[in-house]
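Trainee: Provided herewith is a single structure, encoded as structure tokens, for subsequent inquiry.
The values are calculated or read from the model by the stated rules, or taken from the named source; none is laboratory data. Please read all numbers here as calculations on a predicted model, not as lab measurements. Cβ coordinates were reconstructed from backbone atoms using ideal geometry, including for glycine residues, and neighbour counts include every protein chain displayed. Side chains are part of the model used for accessible areas, which takes the heavy atoms of the whole protein and leaves out ligands, DNA and RNA. Shrake-Rupley method; radii C 1.70, N 1.55, O 1.52, S 1.80 Å.
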Amino acid sequence: MRQKKMIIAALAAMLMAVTPACAQEENGFKKFNVREDFTENGFQWFHDAELLAVGDKEKSNAMTIGWGGIGTLWGRTALTVYVAEKRYTKEFLDKAEYFTVMAFDVEQSKVLNYMGTKSGRDGDKAQALGLHTAYTANGTPYYTEAAMVIECKIMYAAPFDPQHFKSDVPKKMYANFPAGIHSMYIGEATSAWKK
């Protein structure tokens, strides 16, 4: 029995030696240190719209997001995203451990437009756009056509509480907002890749 375990361990080591370091490298991505090498303007990055993806190999969904935050929290590199109550993606986020945020090149703006105007409840948006879904080592979905992918482990999630709105900005926002109050999802940026 011990010899069998040793053989299995040796085979596993050989397999690891011939397997690429990560699936992202197969898709043209190179890993980078998001804390040290993220060069985008944090105040502008989400304003330009990014793509949020969540789910697993069985089922996933993505949506365009224009709100978010980048910084540090609890000693971690943190990325915060906001998803409204009635969005299909929220169902996935509430069950997930990880999510990805992706940036696309300017010429791929049709991806962000489509993902922001169609619901995954009505069909597979990635398939409709001809996107190729791949998965990180944690099983988090991303699209191989993206220019940059940041994977985040969810540290905190909660809906906004209207009793804590301190200005008219959020009060006016939600006065006639059909998708409902947003929830905040704070993720630790655990891995990042770009082309």
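Trainee: Segment 111-195: percent of C-alpha pairs farther apart than 23 Å?
Mentor: 46
Trainee: A follow-up question, please. Can you give me the Kirkwood hydrodynamic radius for segment 22-76, using every pair of distinct Cα atoms, in Å to one decimal?
Mentor: 13.7
Trainee: In whole angstrom, how far apart do the alpha carbon centroids of segment 97-148 and segment 155-195 sit?
Mentor: Distance between centres, Cα-based: 21 Å.
Trainee: Just the number, please: carbon plus sulfur as a percent of the accessible area of the chain, 1.4 Å probe, no ligands or DNA/RNA counted. Before the final figure, lay out each step's value.
Mentor: Numbers: 6170 of 11760 Å².
With neighbouring chains kept in place, the figure for the chain is 52 percent.
Trainee: Can you give me the relative contact order of the chain as a percent, contacts being Cα pairs under 8 Å and 6 or more apart? Please report the intermediate quantities before stating the final value.
Mentor: Details: 333 pairs, mean separation 52.9, N = 195.
Value for the chain: 27 percent.
Trainee: Net charge within 14 Å of G28 by Cβ-Cβ distance, Lys/Arg positive one each and Asp/Glu negative one each, not counting G28 itself?
Mentor: Every neighbour counted, the sum reads 0.
Trainee: Residues of the chain: accessible area per residue at 1.4 Å, in Å²?
Mentor: Numbers: 11760 Å² over 195 residues.
Roughly 60 Å² per residue, with all protein chains present.
Trainee: ³J(HN,Hα) across segment 61-69 via Karplus (A = 6.51, B = -1.76, C = 1.60, θ = phi - 60°), whole Hz, x for Gly/Pro?
Mentor: 8, 9, 8, 6, 10, x, 10, x, x
Trainee: Going by the alpha-carbon gyration tensor, a ≥ b ≥ c the square roots of its eigenvalues, is segment 22-125 rounded (a/c under 1.5) or, if a/c is not under 1.5, prolate (a/b greater than b/c) versus oblate?
Mentor: Numbers: a/c = 1.37, a/b = 1.32, b/c = 1.04.
Cα axes put segment 22-125 in the rounded bin.
Trainee: Give the Cα extents of segment 96-149 along the principal axes, in whole Å, largest first.
Mentor: 28, 26, 16
Trainee: Still on this model: For the chain, treating each Cα as an identical point scatterer without solvent, what Debye log10 I(q)/I(0) comes out at q = 0.14, 0.19 1/Å?
Mentor: -0.83, -1.40
Trainee: I've got another one for you. Taking K and R as +1 and D and E as -1, what net charge do the other residues with C-beta under 10 Å from the C-beta of A179 add up to?
Mentor: Computed value for this residue: +2.
Trainee: Something else about it: By the scheme Lys and Arg +1, Asp and Glu -1, what is the net charge of all other residues having a beta-carbon under 11 Å from that of E91?
Mentor: On the way: positive: K59, K86, R87, K90, K95, R121; negative: E85, D94.
Summing Lys/Arg as +1 and Asp/Glu as -1 gives +4.
Trainee: Just the accessible area for Y156, please: 1.4 Å probe, Å², rounded to the nearest 10?
Mentor: Near enough 100 Å² of accessible area.
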